[in-house]
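Notes follow the structure.
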Amino acid sequence: IGIDCANGAASRTAELLFTELGAECHMLADKPNGVNVNDNCGSTHMENLMSFVKENHLDAGIAFDGDADRCLAVDEKGNIIDGDKLIAILSRYMKEMGTLKNNTAVVTVMSNLGFHRFMNENKIETVCTKVGDRYVLEEMLNNGYNIGGEQSGHIIFLDHATTGDGQLTAVQTLELLSKCKRPLSQLVKDIPDFPQLLVNVKITEDKKGLWDKTQKITDIIAQAEQAMGENGRILVRESGTEPLVRVMIEGKDEKEVHNWTHLIADTIKECLCR
């Protein structure tokens, strides 16, 4: 496996951990100097790991972020496996092993529509929360679920820890690979990728809290929902920390996703930016 430590916390532990567990490790970005953390490396910059895995014919790649609470993977063909896909295949594996509590995985509203299709086909329930791992954890604790996380690769395995741990996620993923004897690309091939576009619209301070009370905006969102039907999903939400309205749309048709996202964003800008 290739391991990208983002020149962060995992630099001190990952090679020892995964070597002890039996993996042949090829290390990237594991020499922190105090200023190079996440600098064109790690889970936010996957390009080097993607190329490295493919060119060196490795079985998989693992990328952490600076504090190593997140983990993303790369399959043997050099394709990114995001948090949605990791949660999907690990939930299915846990179900097969009889360890998936209440047959449910917890994710946020940002999870891809393709993830939900896959989970539905595998008869696994999903619960969606607001964006943020604290909301995922709260839902898990309140209702007895033991896997949950975010598209970004922040995944919680409540049987083992109460917070995201990227190296734990990697261990769970590599155990799955080892047990099933199938390449990572095969494990995720049935999870469709729906085109997804996110546009942030900056609004004026005095217009905060008004997007869902503005008729012109709610009308255009309703038009988009009707036009896309079951083949798309629209999420409009206001940032809790900045004067921003985030418009996220996903669907089967990339052109339709692009057109409706920008039409809604332009309408918000027209109504709330002056």
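The values are calculated or read from the model by the stated rules, or taken from the named source; none is laboratory data. No experiment lies behind these values; they were computed from the predicted model shown. Cβ atoms come from the backbone with ideal geometry, glycine included; neighbour counts cover every protein chain shown. The accessibility values were calculated without ligands, DNA or RNA, using every heavy atom of the protein model including side chains. Shrake-Rupley method; radii C 1.70, N 1.55, O 1.52, S 1.80 Å.
For this structure, a couple of remarks:
- Folded to 0 to 90 degrees: helix 133-143 orientation relative to the chain principal axis, Cα: 80 degrees
- Identified option (computed P(r) over Cα pairs in 10 Å bins from 0, in percent; candidates [x] 6, 26, 37, 23, 7, 1, 0; [y] 7, 26, 31, 24, 10, 2, 0; [z] 6, 25, 26, 19, 12, 8, 4, 1, 0): [y]
- Were the residues from K77 through E225 laid out at 0.36 nm apart, the gain over their Cα-Cα distance would be 49.7 nm.
- Segment V127-K213, extension gain: residue separation times 0.36 nm, minus the distance between their alpha carbons: 28.3 nm
- Among beta bridges identified by DSSP and lying wholly in the chain, the antiparallel ones come to about 65 percent.
- For region 48-59, Karplus couplings with θ = phi - 60° (6.51, -1.76, 1.60), whole Hz, Gly/Pro x: 4, 5, 4, 5, 4, 4, 5, 5, 9, 6, 7, 6
- 19 Å Cα-Cα threshold exceeded, pairs from K101/K130; K85/K123; K101/K179; K77/K189: K101/K130; K101/K179
- Cβ-derived FRET efficiency at R0 30 Å, L244 paired with T163, nearest 0.05: 0.65
- For region 213-228, 3J(HN,Hα) per residue [Karplus equation, 6.51 cos²θ - 1.76 cosθ + 1.60, θ = phi - 60°, Hz, x = Gly/Pro]: 10, 9, 4, 4, 6, 5, 5, 5, 5, 4, 4, 5, 4, 5, 5, 7
- Element breakdown for the chain at a 1.4 angstrom probe: carbon and sulfur atoms account for 47% of the accessible area.
- Cross-link partners of K252 among aspartates and glutamates (Cα-Cα below 14 Å; sequence separation of 8 or more within a chain): D193, E225, E230
- Around L58: net Lys/Arg minus Asp/Glu count, Cβ-Cβ under 14 Å: -4
- Computed FRET value (nearest 0.05) for K189 with N143, which takes r as the C-beta separation and R₀ as 30 Å: 0.45
- Paramagnetic reach from R182 (point 7 Å along Cα→Cβ, amide N under 15 Å) across region 53-77: 76
- Cα centroids of region 231-273 and region 37-97: 28 Å apart.
- In terms of accessible area, using a 1.4 Å probe and ignoring ligands and nucleic acids, D190, D206, D4 rank largest first as D206, D190, D4.
- Over the chain, relative contact order from alpha-carbon pairs under 8 Å, at least 6 apart, %: 15 percent
- Inter-label distance for E205 and R134, nm, one decimal - labels placed 7 Å from Cα along Cα-to-Cβ: 2.4 nm
- Leading residue at positive end of dipole, region 1-123 (Cβ point charges), from L86, T13, G34: L86
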